[in-house]
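Asks: Below is a structure I'd like to ask you about.
The values are calculated or read from the model by the stated rules, or taken from the named source; none is laboratory data. Keep in mind it's a predicted model, so treat the numbers as computed, not measured. Please note: Cβ atoms are built from the backbone with ideal geometry, for glycine as well, and neighbour counts cover all protein chains shown. When the accessible area is computed, the model is the full protein with side chains, heavy atoms only, and any ligands, DNA or RNA have been set aside. Shrake-Rupley method; radii C 1.70, N 1.55, O 1.52, S 1.80 Å.
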Amino acid sequence: MPVRADSLRGLRAFQRLVKTAVTRPLAPGYRMQRRWSDGRSMAAVAAEFIKPNDRLTAFARLEIYNRMYWFRIIDSLHEDAPGLRAALGERKFSRLAVAYLTKHPSHSFTLRNLASRLEEFIRAEPRWTAPRTALAREIARFEWAQTVAFDEAARPVVTPADFARANPARLRLGLQPYLSLLVLEHPVDRYVLAVKKRDTLRAEASNATPSARPASGIRSVPLPRRERTWVAVHRLENMLYYKRLEAPAFKILTALREGATLDRAVAAAGRGVTPEQVQAWFALWAQLGWLCRWK
Amino acid sequence: MNKSTRLIITAAAMAGLYAGSLAVRAHAADAGAPAAKDDSKDKSSCKGKDGCKGSASCKGHNDCKGEGGCKTADHDCKGKNDCKGKGGCGAKEMAPAPEPKK
């Protein structure tokens, strides 16, 4: 029976039907599934709301949009995760991407948010990344932090007027929303940077479109060995940066972000820090624009 | 950390904060142009153009990706030889943080 959209209610139902059909996971081989969710033939379901033409059946016409949707979101995730792709390999990454996007489909108006739950998914379903799950989780966190640094809001930075007469026991400082503080068990920052440099070299070495096959003479990037690393991912003058931090500096920033007053935050650094170090850190953070008014 | 050490360290933090903030103000005064003006210019320059992601004009501006500027535009970039490797598609996305001039 043809689907009718001749009332607001009918239109809503029709829109939901089309959205469901277009965003439904693909079958193996990246084709549209042959059966609808209730077991009916997909060809029959498509014929209820898609007209065939002289070249394409209703199924074939709908399949174009179904595939197009999936190729677009897989492509988007692919682009946002060069490090994860390199660590897992293209095939494994593709399987991970499809599994992730099936479980956590896009609910946002922007593809920017697509990878926001990738690290959580890898943790919950380690079979897609085994035996490199720990590394994969860290790379996913790091690459998501880059997206955050790319376009998260910036708040007004603190000025001397904000703290000139403040009591450090009451003074709270915020951190920019675009700044991510990561403690990593692998030097993922250097790994991802090396992958990007290699990819750039590959692209320059070939006139062909990007391919999974390495260009001859361009080595793959070795996986990082375990090494605890404290990193800030941020932006400055509209460019993305990462910055290695010393552990006590990381602790101070984390305490500030959690709402500690200035005197408690510096105490979080623990023993062994010198006044000169702390002075230099705060001067640098202020210059980089990381510190803003507490919300 | 005992109380007197904590006091000294806190004072050092305040001194650093003050010095850093003044440096930012001096830099802003040197730079001249108001940030808001640059913002609007850069946001519009981002929309719908190839090479948005990774370009200096786009990065860091809120609403860029969300308004369809980057994600809808960057497919134009893929597969074009002259794009990748020149920083257009993200080759320059990340670099070690520079130390600001003191």
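Asks: Residue under question is residue A:29, and the condition is that it be under 23 Å from residue A:102 (Cβ atoms) and either in a helix (DSSP H, G or I) or at pLDDT below 95 (or both); does it hold?
Replies: yes
Asks: Here is a follow-up. Among the residues of segment A:118-129, are any outside any helix (DSSP H, G or I), free of Cβ contacts under 8 Å to residues at least 12 places away in the same chain and open to solvent by 60 Å² or more (accessible area, probe 1.4 Å)? Give the steps one after another, and end with the answer.
Replies: Step one: list which residues in segment A:118-129 are outside any helix (DSSP H, G or I), which gives A:125, A:129.
With free of Cβ contacts under 8 Å to residues at least 12 places away in the same chain added as a condition, the list becomes none.
No - not one qualifying residue is present in segment A:118-129.
Asks: Is it true that residue A:62 is assigned to a helix (DSSP H, G or I), over 30 Å from residue A:145 (Cβ atoms) and open to solvent by less than 60 Å² (accessible area, probe 1.4 Å)?
Replies: yes
Asks: Hey, can you tell me all the residues within segment A:231-246 that are crowded, with 17+ Cβ neighbours inside 10 Å and part of a strand (DSSP E or B)?
Replies: Result: A:231, A:232, A:233, A:234, A:235, A:236, A:239, A:240, A:241, A:242, A:243, A:245.
Asks: Among what's in segment A:235-251 and is hydrophobic (A, V, I, L, M, F, W, C) and touching a residue at least 60 places away in the same chain (Cβ under 8 Å), pick the residue that is farthest from the other protein chains (Cβ to nearest Cβ).
Replies: Out of the qualifying residues, it is A:250.
Asks: Hey, another quick one. Of the residues A:280, A:249, which is more than 20 Å from residue A:164 (Cβ to Cβ), open to solvent by less than 10 Å² (accessible area, probe 1.4 Å), assigned to a helix (DSSP H, G or I) and not aromatic (Phe, Trp, Tyr)?
Replies: Working: A:280 fails: open to solvent by less than 10 Å² (accessible area, probe 1.4 Å).
Answer to the selection: A:249.
Asks: Taking the stated definitions as given, is residue A:56 surrounded by fewer than 16 Cβ atoms within 10 Å (Cβ to Cβ) and of a type outside the set (D, E, K, R)?
Replies: yes
Asks: Checking residue A:73 against (1) touching a Phe, Trp or Tyr at 6+ places or on another chain (Cβ under 8 Å); (2) within 14 Å of chain B (Cβ to nearest Cβ); (3) open to solvent by less than 30 Å² (accessible area, probe 1.4 Å): exactly one of these is not met. Which one?
Replies: (1)
Asks: Same structure again: If you check A:269, A:260, which single one turns out to be assigned to a loop (DSSP other than H, G, I, E, B) and open to solvent by 20 Å² or more (accessible area, probe 1.4 Å)? Reasoning before the result, please.
Replies: On the way: A:269 fails: open to solvent by 20 Å² or more (accessible area, probe 1.4 Å).
Within the list A:269, A:260, the selection yields A:260.
Asks: Condition check: open to solvent by 70 Å² or more (accessible area, probe 1.4 Å), over 16 Å from the mean Cα position of the chain (by Cα) and closer than 30 Å to residue A:147 by Cβ. Does residue A:91 satisfy that?
Replies: Answer is yes for this residue.
Asks: Filter segment A:252-277 for residues that are more than 12 Å from chain B (Cβ to nearest Cβ), under 25 Å from the mean Cα position of the chain (by Cα) and touching a residue at least 12 places away in the same chain (Cβ under 8 Å) and give the result.
Replies: A:254, A:257
Asks: Restricting attention to segment A:57-107, which residues are farther than 17 Å from residue A:33 by Cβ and of a type in the set (Ser, Thr, Tyr)?
Replies: Hits for segment A:57-107 are A:76, A:94, A:100, A:106.
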